[in-house]
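Structure first, then comments.
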Amino acid sequence: MVCVDVVADNATQCAAWIERRGGQALGVTCDVTDEAQVQAMVTRVRDVYGRVDVLVNNAGILGGLGVLEMPLERWSRQIAVNLTGTFLCTKHVARCMVERGTRGSIIVIVSTAGHQGQAGNIAYATSKSGLLNFTRSAAMDLARHGIRVNSLTPTATDPDEGAERAVAWGRARPERRAGPLDFAKMVPMQKLPSPRHYARAAVFLASDDAEMVTGCDLRVDAGAVAKYWPWVPGA
Ligand SMILES: NC(=O)c1ccc[n+]([C@@H]2O[C@H](COP(=O)([O-])OP(=O)(O)OC[C@H]3O[C@@H](n4cnc5c(N)ncnc54)[C@H](O)[C@@H]3O)[C@@H](O)[C@H]2O)c1
């Protein structure tokens, strides 16, 4: 397992956490918007492990502003990380898979914000929406090489598991922010997914159980996107 992040501490602490749980992991610092760094990261992974079987495009900048307020610089950075970073990692990992004849699996982390018009989050929602068709198009390009490309849609996430992980990594427990809306009450299943629910879906997409699944989006969103808009769950 290789943990890649632009923040060195995130990459190394993630790898160390996996090793403490009995796995094998390597932390690599890399800015996914920089093609030379992405190439160097893929070369390092190939040198250490010989091949890449699975890529999860998870790096992202969350949150943002609406179209009236968004400065160009912030827009460009968010689009670069969320959309171009996924393109660059997919391009260089897929090349490595093709060279080695690896029938790999590439997973793109989207968001429910990519499926619906979201107010106050123009670059995030636009980039995540772009990733849905990036996934379908890359799946078409790579199908003849036996490489599958699918996206996974998370949504607003229950904060408890992430907070426990922060503490396990020796970081301060993040403060529980009480927003004006109770998201859990707004989704059909009346509770929010946790990171483990996303992880299990990613493991499925990475595995041979999904051998005939490509160009698809797997939503792990407690029914949020499927909901008919005027229906208020629990009302
Ligand atoms: N948290 C949620 O509720 C939620 C909901 C829907 C979708 N998502 C998606 O899940 C993914 C992970 O989100 P998260 O909540 O864990 O966010 P997070 O901010 O905790 O993690 C994102 C990581 O990406 C890294 N990153 C940022 N820019 C980078 C760059 N240029 N190169 C390499 N790494 C970079 C950050 O350092 C950070 O560690 C994102 O793609 C996000 O859009 C999250």
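Where a number appears in this text, it was derived from the coordinates with a stated rule and is not lab data. Note that the structure is predicted; figures quoted are calculated from it, not measured. Positions of Cβ are backbone-derived with ideal geometry, glycine not excepted, and every protein chain shown enters the neighbour counts.
Spin-label model, Phe183/Trp229: points 7 Å from Cα along the beta carbon direction are separated by 2.0 nm.
In the chain, helical runs assigned H by DSSP with n ≥ 4 each contribute -39500 (n - 2.57); averaged across all residues and rounded to the nearest 500, the mean residue ellipticity at 222 nm is -13000 deg cm²/dmol.
Springs join every pair of Cα atoms under 10 Å in this Gaussian network model of the chain, and among Thr214, Thr157, Thr112 the largest mean-square fluctuation is at Thr157. Scanning the chain for DSSP H helices at least 20 Å long along the axis (C-alpha atoms) with a Kyte-Doolittle mean no lower than -1.0 picks out 35-49, 85-100, 122-142.
Comparing Met70, Gly60, Thr29 along the charge dipole axis of segment 17-101, the residue lying farthest to the positive side is Thr29, per the Cβ-charge model. A cut-off under 12 angstrom between Cβ atoms defines the neighbours of Arg100, and their net charge, with Lys, Arg +1 and Asp, Glu -1, is +2. Near Gln39, within a Cβ-to-Cβ distance under 15 Å, what is the net charge of the other residues, with Lys and Arg +1 and Asp and Glu -1? Net local charge, Gln39 excluded: -1.
Over the chain, the reciprocal of the mean inverse Cα-Cα separation, the Kirkwood hydrodynamic radius, stands at 18.9 Å. Over all other residues within a Cβ to Cβ distance under 15 Å of Gly120, the charged ones net out to +1, with Lys and Arg as +1 and Asp and Glu as -1. Exposure proxy shown here: for Ser76, Ser127, the number of other Cβ atoms within 10 Å sets the order, fewest to most, as Ser76, Ser127. When Cys216, Cys14, Cys89 are arranged by Cβ crowding within 10 Å, least crowded first, meaning fewest neighbours, the order is Cys216, Cys14, Cys89. Ranked for footprinting exposure by Cβ neighbours inside 10 Å, fewest first, Arg171, Arg219 give Arg171, Arg219.
Full extension of the chain between Gln116 and Arg171 yields a length gain of 16.4 nm, computed as 0.36 nm times the residue separation minus the alpha carbon distance.
At an R0 of 25 angstrom, the distance between the Cβ atoms of Leu68 and Thr29 translates into a FRET efficiency of 0.10. Rounded to the nearest 20, the size of the Cβ-charge dipole of the chain about its Cα centre is 260 debye, with Lys and Arg at +1 and Asp and Glu at -1.
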